[in-house]
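Following: one structure in structure tokens, then a few remarks.
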Amino acid sequence: MKNKMLRPKDHGIEAVDPNESLAIPIKPIYEMSAINEAVSLHAGELEIEQSGQVFAGTGTMSLRWLPTPGLRFSVSLRNDGPSLTLGQARLRYCHSPVSFDAFISLMIPGMDGIGALVEASGWFSFAFGGQGSGLCRCIFHVPNFIQYLGKPVTVSNRHFYRGQAVMECNEWRITLQRLQCADNKYHETLKSLGGYAFTHVGEMARKDGGTFRLNDLKDHLEKIRWWLSFCRGFWVAPLLPIGMGSDNTRRWWDWQDSKIDQTQTVMTWANPYSESFLEDTYTGFMERITRNEWKEPTELSIWWYLASNTRAGGMEGSIILTQSAFELLAWTLFVEEHKTLNAKSFKRLSGAEKIRRLLTAAGIPLPIPDCLHSLCNMAVKHTWHDGPQTLTQFRNGFTHPERKQRQVVVKAEGLALFEAWSLGLWYLELLLLWLFDFKGLYVNRLRREIPRSDAVERVPWRVE
């Protein structure tokens, strides 16, 4: 330990401790040298097919981030025959037998030493290659994810950095690794500039090292998208997956954009000082979402959670969205899974009572937390008895036309509206964590502190 030295803290690189086992790093297939820089997918021969004519040239295919993420192409063609036009076309690369939907949005004429040229550019919907047989692992890339500490990853024989998490469920093993470049300075720059950048690379494989089917891979990647987004607090996705064979050759790849958000400052329950939040939610999430009665409710609840967390509909709309999630979760739990209520008796319950039953089942306290001072004062003034009743009164004020109910929330005091929005999100993320059998430490958004290593707490249902 005497020889253990730290490099500059902004790089997060440490000297190797001989007593610590190190992971071999996962090497990304696609890389970015700058934030918001386009990701090069292909450079070389391209063909455009339009109205039965095939135009061959050289160009590029890329994933561009701004103004919104999308797949773009640009190709230089000889302009000495039939002419291209703006509009629909088909795109083919590397003499692939498969072509893909494309749209030509811009054409710029030019000249070289031989003759006339035209530079055609636009977007394409997706592209893929390979047969997808003999797959034994898949590499994928994740933008804008959390900068968590994790298990040590080898940099050289003498140094490592912390940033790897390994999750297992059934036959699958998922490894998520922070990129070495994604240090504190990188994340601060990303936050300052906004936009997109790869921050992590992942690997998916069977625990026994065996092969898997392409359809199973696609299905699991889609589940990973929901799981990572719930952890992050806005939309992220495993992008540009590449399926590899046992001989380390590419057997399949898939280029398509996905629903992802620009990096932004939002609260999340995930504790950035440990990778355990990933390990402690992965199994429970996968078990929940693979059950027929829970797949759709899980996805919809996460969708509404993310929309509310990013205030997609303002705080007013976000309060309504969280309660749509409560209604759906309560129905699925009490009517479809436990069968303790039938449809008729469920519909007779008030909105507040449905939330109460959910929170009670999860061991989440019903009183409004004391730290929400404005909301507590408002509840006392209007004789609202607990958090569920308070939230439903806010929702009623936004959705019901009666002036009396509307004025209650329009004239809300101080931070009461913000605190009601925060309380609803706190309830929803705790309920989802409970459904995913999470028993670890989480960041409580109601404490309003900049997350520190000691600003985390146990979930309410954790038994010592």
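The values are calculated or read from the model by the stated rules, or taken from the named source; none is laboratory data. Everything quoted here is computed from the prediction, not taken from an experiment. Every residue, glycine as well, gets a Cβ built from its backbone with ideal geometry; the counts of neighbours run over all protein chains shown. Note: accessible area is taken over every heavy atom of the protein model, side chains too, but ligands, DNA and RNA are not part of it. Shrake-Rupley method; radii C 1.70, N 1.55, O 1.52, S 1.80 Å.
Label-to-label distance for A43 and R291 is 5.1 nm, based on points extended 7 Å past Cα in the beta-carbon direction. With a cut-off of 16 Å, note down the residues of segment 98-121 whose backbone N falls inside the zone around a label point 7 Å from the Cα of S83 toward its beta carbon. Once the point is set 7 Å along Cα→Cβ of S83, 105-111, 116-121 turn out to lie under 16 Å by backbone N, inside segment 98-121.
Helix 387-399 and the longest principal axis of the C-alpha atoms of the chain enclose an angle of approximately 60°.
The residues of segment 24-84 expose, per residue, 50 Å² of accessible area to a 1.4 Å probe.
Suppose R0 equals 35 Å. What FRET efficiency, 1/(1 + (r/R0)^6) with r the Cβ-Cβ distance, do S125 and R458 give to the nearest 0.05?
On the way: r = 46 Å, r/R0 = 1.32.
The computed FRET efficiency comes out at 0.15.
Charge tally around Y427: other residues with Cβ under 14 Å, Lys/Arg +1 each, Asp/Glu -1 each, net +1.
Expressed as a whole percent, the accessible area of the chain that falls on carbon and sulfur atoms is 52 (1.4 Å probe). In this label model, K207 and V410 are separated by 5.9 nm, measuring between points 7 Å along each Cα→Cβ vector.
Per-residue ellipticity at 222 nm from helix content only, as computed over the chain with -39500 (n - 2.57) for each DSSP H run of at least four residues, stands at -10000 deg cm²/dmol. Excluding same-chain residues fewer than 8 positions from K339, which lysines have a Cα within less than 17 Å of its Cα? K339 reaches K347, K354. Over the C-alpha atoms of segment 262-400, the Rg to Rh ratio, Rh being the Kirkwood estimate, stands at 0.98.
The angle between the Cα long axis of helix 214-232 and the main principal axis of the chain comes to about 50°, on a 0 to 90 degree scale.
The GluC sites (Glu not before Pro) found in segment 153-236 that occupy coil by DSSP, while having at most 15 further C-beta atoms within 10 Å, are E171.
In this simple spin-label approximation, Q53 and L328 carry label points 7 Å from Cα along the Cα→Cβ vector, and these lie 4.9 nm apart.
Partner aspartates and glutamates whose Cα lies under 14 Å from the Cα of K191, excluding those fewer than 8 positions away in the same chain, are identified as D183, D261.
Between 0 and 90 degrees, the angle of helix 416-435 with respect to the longest Cα principal axis of the chain falls at about 70 degrees. Once Cα extents along the principal axes in Å is calculated for the structure shown, the corresponding label among [x] 84, 66, 42; [y] 59, 51, 50; [z] 76, 48, 45 turns out to be [x].
Could you list the trypsin sites (Lys or Arg not before Pro) in segment 326-384 that lie in coil according to DSSP, counting only those with at most 11 other Cβ atoms within 10 Å of their Cβ? When the trypsin sites (Lys or Arg not before Pro) of segment 326-384 are filtered for loop state and at most 11 Cβ neighbours within 10 Å, K339 remain.
The length gained by stretching the chain between M111 and S350 to full extension, at 0.36 nm per residue less their Cα-Cα distance, is 78.8 nm.
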